[in-house]
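Peer 1: This is the structure I want to talk about, given as structure tokens.
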Amino acid sequence: MAKQKTLHDAFYETLKDVYYAEKQSVKALKKSAKAAEHDALRQAFETHAEESAQQVERLTQVFEIIGKPARAKTCEAMQGIVSEMEEDLEDFEDSPAADAVLAACAQAVEHYEIARYGTLKTWASQLGYAEAATLLDETLQEEKKTDALLSKIAESINTAGTPEDSEPSKKGKKAA
Ligand code: FE
Ligand code: FE
Ligand code: FE
């Protein structure tokens, strides 16, 4: 019979998942920074791309702490979020809603990361990896801060777009 999996196994598997996801997020942020028109939005993407590269680094430290090789395991959730983003980018390219759509896609990424890092931080503490928990919390705080910043920026993007819109009631999720 196969050996029963432990919380430590779950921790390692989730670490591999987020290691993949984080690397993907660096690429997505760079792409978003290039596409963004709104200055504050572009700045937020650039800043967080740099932060995310450090977060990848932090994850390699966590792998070291638990004495396991730093490996990435395909995260289908992040793949899905990124492919939606690419689709939206194409659909809304050069449209007045392009920046709003970019911000929304980025927030989906941040929310996934917040879920993952929150779990990993708790598990690290429970497993007695205090130093790893601290590292994971640093990243978690950066993700939360980025999400909050994007929420704030999104308000200014959306109000900037409204006056030109002759039909303010037209709030469909997908453009026809
Ligand atoms: Fe991240
Ligand atoms: Fe995943
Ligand atoms: Fe992030």
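The values are calculated or read from the model by the stated rules, or taken from the named source; none is laboratory data. From a predicted model like this one, the values you see are computed outputs, not experimental measurements. Neighbour counts are summed over all protein chains in view; Cβ atoms, including those assigned to glycine, are modelled from backbone coordinates with ideal geometry. To get the accessible areas, we keep the full protein, side chains included, count just its heavy atoms, and leave off ligands, DNA and RNA. Shrake-Rupley method; radii C 1.70, N 1.55, O 1.52, S 1.80 Å.
Peer 1: Provide a single number: the residues in region 109-122 that are among the hydrophobic types (A, V, I, L, M, F, W, C) and either more than 16 Å from ligand 2 (Cβ to nearest atom) or buried (at least 20 other Cβ atoms within 10 Å of the Cβ) (or both). Give the steps one after another, and end with the answer.
Peer 2: Just the residues of region 109-122 that are among the hydrophobic types (A, V, I, L, M, F, W, C), to begin with: 109, 114-115, 120.
Keeping just the survivors that are either more than 16 Å from ligand 2 (Cβ to nearest atom) or buried (at least 20 other Cβ atoms within 10 Å of the Cβ) (or both) gives 109, 120.
Adding up the residues that qualify gives 2.
Peer 1: Can you tell me which residue within region 130-142, out of those that are in contact (Cβ under 8 Å) with a residue 60 or more places away in the chain and open to solvent by less than 50 Å² (accessible area, probe 1.4 Å), is nearest to residue 48 (Cα to Cα)?
Peer 2: Keep residues of region 130-142 that are in contact (Cβ under 8 Å) with a residue 60 or more places away in the chain, which gives 131-132, 135-136, 138-139, 142.
Still in the list and also open to solvent by less than 50 Å² (accessible area, probe 1.4 Å): 132, 135-136, 139, 142.
Details: 132: 21, 135: 17, 136: 16, 139: 11, 142: 8 Å.
Looking at residues that are in contact (Cβ under 8 Å) with a residue 60 or more places away in the chain and open to solvent by less than 50 Å² (accessible area, probe 1.4 Å), I get 142.
Peer 1: Now a separate question. Tell me the residue from 100, 104 that is in contact with a helix residue (DSSP H, G or I) (Cβ under 6 Å, 6 or more places away or on another chain) and of a type outside the set (S, T, N, Q), please. Write out each step before concluding.
Peer 2: Details: 104 fails: in contact with a helix residue (DSSP H, G or I) (Cβ under 6 Å, 6 or more places away or on another chain).
Just a single option satisfies the conditions, and that option is 100.
Peer 1: Does region 85-121 hold any residues that are closer than 14 Å to residue 25 by Cβ and charged (D, E, K, R), and which are they?
Peer 2: 86, 110, 113, 116
Peer 1: Looking only at region 145-161, count every residue that is within 14 Å of ligand 1 (Cβ to nearest atom) and surrounded by fewer than 16 Cβ atoms within 10 Å (Cβ to Cβ) and tell me the total. Break it down into steps so the answer makes sense when it comes.
Peer 2: Keep residues of region 145-161 that are within 14 Å of ligand 1 (Cβ to nearest atom), which gives 145-147, 149-150.
Checking which are surrounded by fewer than 16 Cβ atoms within 10 Å (Cβ to Cβ) leaves us with 145.
Qualifying residue count for the region: 1.
Let's see how each residue does on (1) under 11 Å from the mean Cα position of the chain (by Cα); (2) of a type in the set (A, V, I, L, M, F, W, C):
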position: 34; (1), (2): no, no
position: 49; (1), (2): yes, yes
position: 83; (1), (2): no, no
position: 93; (1), (2): no, no
position: 105; (1), (2): yes, yes
position: 111; (1), (2): yes, no
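Peer 1: Which one of these does residue 47 not meet: (1) more than 10 Å from ligand 1 (Cβ to nearest atom); (2) in contact with a helix residue (DSSP H, G or I) (Cβ under 7 Å, 6 or more places away or on another chain)?
Peer 2: (2)
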